[in-house]
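Comments concern the structure below.
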Amino acid sequence: GQGDPSGDQQHRDDDPADRLELAMWAAAFPGHAWGLDPSGTPGSLTRISPSTLRRLHRSWARPQNLVVAITGEFDAEYALGRLRHLETLLPEGPAFAAPSPTAPIPHARISLRSARDQAHLVTAWEGLTVADPEVAVLDVLIELLGGQAGRLFLELREAEGLAYSVGASSLDGLVAGLITCAVATDPARLDEAERR
């Protein structure tokens with residue numbers, strides 16, 4: 001139902017592409033927060049209560065953790081004054097310790113079969129950092145490979161009839177990025193798709 005996290009999770013679990021993406025992140029970042037399901041698990045959702053959320057909010061709603069961005073036309077002096085006032089309403093305390101950035105494992109391959117007579121495969125590789133001078137080149141490569149006009153689509157779907165859909169993407173990170181290529185195919189041809 002609306003606002004029901006377990007209902008949202010069930011809907012997500014019925015979507016093979018979403019399940020595959022979760023599995024890919026878990027394989028690429030094992031043991032790190034980025035590899036966890038952001039929607040939680042049935043077990044973790046049952047442990048959430050209003051008091052738990054209030055405790056969590058009190059633990060990180062501190063001036064040291066405040067980041068504010070203002071765009072458009074505004075009176076800087078007025079805005080800073082309001083922010084300084086709001087800052088005094090927050091309790092003092094230690095800064096929130098965010099998980100440190102991490103690099104994905106160098107290579108991961110995940111596949112799953114769905115009830116819709118489709119098999120899905122994603123292969124992930126360690127990508128580039130945001131500061132890497134080759135990011136623009138990688139962006140062009142992803143454009144050439146991905147989408148319905150991309151080389152993967154034309155080769156695997158149009159020429160070989162091997163795929164229902166294909167995709168390629170790149171996420172640039174602070175420590176390393178993540179490059180992925182995904183394909184949806186007939187379950188009988190999953191091994192062939194993995195070899196390609």
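Among residues of region 18-36 being small (G, A, S) and surrounded by fewer than 17 Cβ atoms within 10 Å (Cβ to Cβ), the one that is nearest to the chain's Cα centre (by Cα) is A33.
Selection of region 163-196 for residues being assigned to a helix (DSSP H, G or I) and either over 22 Å from D15 (Cα atoms) or not hydrophobic (A, V, I, L, M, F, W, C) (or both) yields P187, R189, D191, E192, E194, R195. Checking L152, L141, L89, L162 one by one, the residue that is in contact with a Gly (Cβ under 9 Å, 6 or more places away or on another chain) and at pLDDT 80 or above is L152 and no other. Checking P101, P5, P42 one by one, the residue that is closer than 30 Å to A124 by Cα, open to solvent by 80 Å² or more (accessible area, probe 1.4 Å), at pLDDT below 85 and of a type outside the set (A, V, I, L, M) is P42 and no other. Of all the residues in region 165-196, those that are modelled with pLDDT of 85 or more, among the charged types (D, E, K, R) and either touching a Cys at 6+ places or on another chain (Cβ under 7 Å) or surrounded by 16 or more Cβ atoms within 10 Å (Cβ to Cβ) (or both) number 1. Here region 45-59 is the region considered, the condition is being touching a Gly at 6+ places or on another chain (Cβ under 9 Å) and under 19 Å from A97 (Cβ atoms), and the residue that is most open to solvent (accessible area, probe 1.4 Å) is R58.
When the helices (runs of 4 or more DSSP H) confined to region 8-103 are screened for residues that are more than 26 Å from S169 (Cβ to Cβ), those reaching at least 1 such residues are found at 42-46, 50-60, 76-89. For region 115-125, a tally of residues being of a type outside the set (S, T, N, Q) and either in a loop (DSSP other than H, G, I, E, B) or surrounded by fewer than 16 Cβ atoms within 10 Å (Cβ to Cβ) (or both) returns 3.
In region 126-166, of all residues being under 30 Å from A188 (Cβ atoms) and of a type in the set (S, T, Y), the one that is nearest to the chain's Cα centre (by Cα) corresponds to S165.
Of all residues in region 104-114, those being in contact with a Ser or Thr (Cβ under 9 Å, 6 or more places away or on another chain) and surrounded by 14 or more Cβ atoms within 10 Å (Cβ to Cβ) number 2.
Condition (residue is touching a Cys at 6+ places or on another chain (Cβ under 6 Å) and either surrounded by 15 or more Cβ atoms within 10 Å (Cβ to Cβ) or under 19 Å from F29 (Cβ atoms) (or both)) applied to region 126-145: is it met by at least one residue? Checked against the condition, which is being touching a Cys at 6+ places or on another chain (Cβ under 6 Å) and either surrounded by 15 or more Cβ atoms within 10 Å (Cβ to Cβ) or under 19 Å from F29 (Cβ atoms) (or both), region 126-145 yields no hits at all. In region 71-94, the residue that is farthest from R58 (Cα to Cα) out of those that are surrounded by fewer than 10 Cβ atoms within 10 Å (Cβ to Cβ) and of a type in the set (A, V, I, L, M) is A76.
The values are calculated or read from the model by the stated rules, or taken from the named source; none is laboratory data. Please read these numbers as outputs of a predicted model, since none were measured by experiment. Please note: Cβ atoms are built from the backbone with ideal geometry, for glycine as well, and neighbour counts cover all protein chains shown. We work out accessible area using only protein heavy atoms, side chains counted, and drop any ligands, DNA or RNA first. Shrake-Rupley method; radii C 1.70, N 1.55, O 1.52, S 1.80 Å.
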